[in-house]
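A.B. asks: The structure is given below, and queries will be raised subsequently.
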Amino acid sequence: MAHYVYPALFAKEKAGYAVSFPDLDNVFTSGTTLQETITMAEDALSLMLSDMEESGLPIPKASDAHSLDVESDQIVIPVSCDTGDKEFSDHLR
């Protein structure tokens, strides 16, 4: 099991929040409330990194949150996850 922390960009939208991870391609999620969106981001991050580990793909280094280009409607929130829990990964699929 590995522990990761990546900066996530949260953008306020009409119906809630959208999230992207600048260090990971094609990892997006959203939620209605900020708390729900953080939970969704943790799940999306865990699923992607677990898949990368299982496939033997290199895990990119997390960026320094202070070095990211952030739009005026975005905030940076660090999102953490643990990988290696196969039952949890299977549940998310």
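Readers should treat all values here as calculations from the given coordinates under stated rules, not as data from a laboratory. Quantities reported herein were computed from a predicted structural model and do not represent experimental measurements. When we count neighbours, we look across all protein chains shown, and the Cβ atoms used for this are built from the backbone with ideal geometry, even at glycine.
A.B. asks: Mind jotting down the distance between the C-alpha centroids of the range 1-40 and the range 43-62, whole Å?
C.D. replies: After rounding, the separation between the Cα centres reads 15 Å.
A.B. asks: Another question, then. Whole-Hz Karplus ³J(HN,Hα) for the range 4-11, in order, using 6.51 cos²θ - 1.76 cosθ + 1.60 and θ = phi - 60°, x for Gly and Pro?
C.D. replies: Calculated HN-Hα couplings, in order: 10, 9, 10, x, 10, 9, 9, 10 Hz.
A.B. asks: Related question: Roughly how tilted is helix 34-55, in degrees to the nearest 10 and between 0 and 90, from the longest Cα axis of the chain?
C.D. replies: 40
A.B. asks: Continuing with the same structure: If a/c stays under 1.5 just call it rounded; otherwise compare a/b with b/c (prolate if a/b is bigger, oblate if not). Do that for the range 35-74, with a ≥ b ≥ c from the square roots of the Cα gyration tensor eigenvalues.
C.D. replies: oblate
A.B. asks: Would you calculate, for the chain, the mean residue ellipticity at 222 nm contributed by helices, counting each DSSP H stretch of 4 or more residues as -39,500 (n - 2.57) and dividing by all residues, to the nearest 500?
C.D. replies: -10000 deg cm²/dmol
A.B. asks: May I pose another question? What base-10 log of the normalised intensity I(q)/I(0) is obtained for the chain from the Debye formula, alpha carbons as equal point scatterers, at q = 0.19 Å⁻¹?
C.D. replies: For the chain at q = 0.19 Å⁻¹, log10 I(q)/I(0) is -0.87.
A.B. asks: Could you point to the residue in Phe28, Leu57, Ser46 farthest towards the positive end of the chain's charge dipole, with +1 and -1 charges on the Cβ of Lys/Arg and Asp/Glu respectively?
C.D. replies: Checked the options; the winner is Phe28.
A.B. asks: With a point put 7 Å past each Cα toward its Cβ, work out how far Ala15 is from Gln35 in nm, to one decimal.
C.D. replies: Reported label-point gap for Ala15 and Gln35 is 2.2 nm.
A.B. asks: Something else about it: Along the Cα-to-Cβ line of Lys61, 7 Å from the Cα, sits a label point; which residues in the range 13-53 have backbone N less than 17 Å from it?
C.D. replies: Once the point is set 7 Å along Cα→Cβ of Lys61, 22-24 turn out to lie under 17 Å by backbone N, inside the range 13-53.
A.B. asks: Would you work out the charge dipole size for the chain about its Cα centre, treating the Cβ of every Lys and Arg as +1 and the Cβ of every Asp and Glu as -1, and quote it to the nearest 20 debye?
C.D. replies: 180
A.B. asks: Considering the chain as a Gaussian network with a 10 Å cut-off on Cα pairs, which listed residue, Val27, Val19, Val70, attains the greatest mean-square fluctuation?
C.D. replies: Taking springs between Cα atoms under 10 Å, the residue moving most is Val70.
A.B. asks: Taking a ≥ b ≥ c as the square roots of the eigenvalues of the Cα gyration tensor of the range 1-47, is the shape rounded (a/c under 1.5), prolate (a/b larger than b/c) or oblate? Could you put the intermediate results ahead of the total?
C.D. replies: Numbers: a/c = 2.39, a/b = 1.65, b/c = 1.45.
Cα axes put the range 1-47 in the prolate bin.
A.B. asks: Would you mind checking which residues have amide H under 5 Å from Val79's amide H? H placed 1.01 Å from N; only 5 or more apart, or other chain.
C.D. replies: Residues meeting the amide H criterion: Tyr6, Ala8.
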